[in-house]
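Some notes on the structure that comes next.
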Amino acid sequence: MDLQGFLLRARVLKLYRQALRAARKAPHDSIAELKQAIRQEMESNRDCKDRQKIRFLISEGTERLKGLTEMLGSIRIME
């Protein structure tokens with residue numbers, strides 16, 4: 001693996017960890033289901049070798065994580 005591949009892998013893992021941390025803020029009865037959905041999404045793209053597509057997926061994942069974080073934050077406020 002070259003440096004670019006290593007850096008992309010690090011970004012993917014960072015996004016995955018951030019998503020799992022965000023899932024902990026979900027209502028208790030939804031945490032396991034949300035974590036499973038996050039894992040499934042990551043697994044479905046595990047074998048992707050196209051670096052441009054990986055960059056796109058990271059960008060898309062970051063936006064989805066931002067939306068999830070905002071949604072979970074608003075749920076906490078409502079409780």
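The values are calculated or read from the model by the stated rules, or taken from the named source; none is laboratory data. Since this is a predicted model, take the numbers as computed values, not measurements. Neighbour counts are summed over all protein chains in view; Cβ atoms, including those assigned to glycine, are modelled from backbone coordinates with ideal geometry.
Things to note:
- Members of region 19-39 that are loosely packed, with under 15 Cβ neighbours inside 10 Å and within 15 Å of Lys66 (Cβ to Cβ): Arg21
- Within region 40-79, the set of residues being among the hydrophobic types (A, V, I, L, M, F, W, C) and either closer than 21 Å to His28 by Cβ or part of a loop (DSSP other than H, G, I, E, B) (or both) comprises Cys48, Leu65, Leu68, Met71, Leu72, Ile75, Ile77, Met78.
- Leu13 exposed (fewer than 10 other Cβ atoms within 10 Å of the Cβ), at pLDDT 95 or above and not basic (Lys, Arg): no
- Any pair with Cβ under 6 angstrom, 6 or more apart, that starts in region 38-55 at a residue that is in contact (Cβ under 8 Å) with a residue 40 or more places away in the chain and ends at one that is surrounded by 10 or more Cβ atoms within 10 Å (Cβ to Cβ) and assigned to a helix (DSSP H, G or I): Ile54/Leu8
- Being over 13 Å from the mean Cα position of the chain (by Cα) and closer than 15 Å to Ala10 by Cα holds for only one residue in Lys53, Lys49, and it is Lys49.
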